[in-house]
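S.K.: To start, I am sharing the structure in question, which I have written as structure tokens.
All of the numbers you see were taken from the coordinates with simple rules; none came from a lab. Since the model is a prediction, treat every value here as computed from it, not as a measurement. Cβ sites come from the backbone with ideal geometry, for glycine too, and all protein chains shown count toward neighbours.
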Amino acid sequence: MCLIRNFFKRKCISCEKEKEKKYGFCDDCFSKIIFINETYKDRIHIGRYEGPLKEAIIKYKYKRRKSYAKYFTLMIEERIIKENIDFDIIIPVPLHWKKEFIRGFNQSALLGNYIAKKMGKIMYQNILLKSKNTISQTELSGKDREENVKGSFKLKNSELLSNKVVLLIDDVYTTGATTQECKKLLLKSGSKKVIIITLAKS
Ligand SMILES: [Zn+2]
């Protein structure tokens, strides 16, 4: 029985050589993930954006390995439970529609969707929208990132945010320019609290 189960096991989502053991990773890759256990003020990250976790995220986003989302959300969900985080709704950091069309999906919304389903919450994908197709943040640093995203988001149906604790989800947190801009807008529009959660932090 054990042999059969092993035979059908999938390959590691990072190295793609060894068999998957923990959260989609093989033992070796999993042991190289640097987990971030501290919680900043209303901000949580699962691990550092490097090594096997970074490899897996890149494959997820740019090679459209949508199936990886279920492994990532296992880690996120466990953390939410461990930290005892209470929230009402989930909002993913949006992509501009052109970017989402090219990529084929919004990587943060897919994570949010899984979490919403597993934890019995609602995810709203039509409240926070990216209205300006800004240039990629990866080409910019620090202050320029803030300038780049300033005013690039807008809200629709913001009455749904009234008095709600929002779990704002994104895949990677770099300088925080994008997520903080989203958080500001959500708070300004009636949310009670915004908790940021990302899979990785660089
Ligand atoms: Zn591996």
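S.K.: What FRET efficiency would be calculated for the residue pair LYS21, ASP144, taking the C-beta separation as r and a Förster radius of 45 Å, to the nearest 0.05?
M.R.: Efficiency computed from Cβ-Cβ geometry: 0.65.
S.K.: List the GluC sites (Glu not before Pro) within segment 51-101 that DSSP assigns to loop and that have no more than 15 neighbouring Cβ atoms inside 10 Å.
M.R.: Hits after loop and neighbour filter: GLU83.
S.K.: Work through the residues other than LYS98 whose Cβ is under 14 Å from its Cβ and net out their charges, Lys, Arg +1 and Asp, Glu -1.
M.R.: +3
S.K.: For SER202 and ASP88, what does the FRET efficiency come to when R0 = 35 Å and r is the distance between their Cβ atoms, rounded to the nearest 0.05?
M.R.: After rounding, the FRET efficiency stands at 0.75.
S.K.: Here is a follow-up. How long are the three semi-axes of the equivalent ellipsoid for the chain, computed from the Cα gyration tensor as the root of 5 times each eigenvalue, in whole Å, largest first?
M.R.: Working through the eigenvalues yields semi-axes of 29, 19, 16 Å.
S.K.: Can I ask one more? Setting aside same-chain residues fewer than 8 positions from LYS59, which aspartates and glutamates have a Cα under 14 Å from its Cα?
M.R.: LYS59 reaches GLU16, GLU50, ASP171.
S.K.: Assigning unit charges at the beta carbon (Lys, Arg +1; Asp, Glu -1) and nothing else, what dipole magnitude in debye, to the nearest 20, does segment 104-192 show about its Cα centre?
M.R.: With Lys and Arg at +1 and Asp and Glu at -1, about 420 debye.
S.K.: With the cut-off at 19 Å, tell me which of the pairs LYS143/LYS184; LYS130/LYS150; LYS70/LYS121; LYS130/LYS188; LYS117/LYS192 have Cα atoms farther apart than that.
M.R.: Cα-Cα > 19 Å for LYS117/LYS192; rest within.
S.K.: Let me spell out the model: positive unit charges on the Cβ of Lys and Arg, negative unit charges on the Cβ of Asp and Glu, origin at the Cα centre of the chain. What dipole size does that give, in debye rounded to 20?
M.R.: I would put it at about 540 debye.
S.K.: Can you give the calculated 222 nm mean residue ellipticity of the chain, where each DSSP H run of n ≥ 4 adds -39,500 (n - 2.57) and the sum is split over every residue, rounded to the nearest 500 deg cm²/dmol?
M.R.: Rounded to the nearest 500, it is -11000 deg cm²/dmol.
S.K.: Follow-up. Loop only per DSSP, at most 11 neighbouring Cβ atoms within 10 Å: give me the trypsin sites (Lys or Arg not before Pro) in segment 17-56, ordered by residue number.
M.R.: Passing sites in segment 17-56 are LYS17, LYS41.
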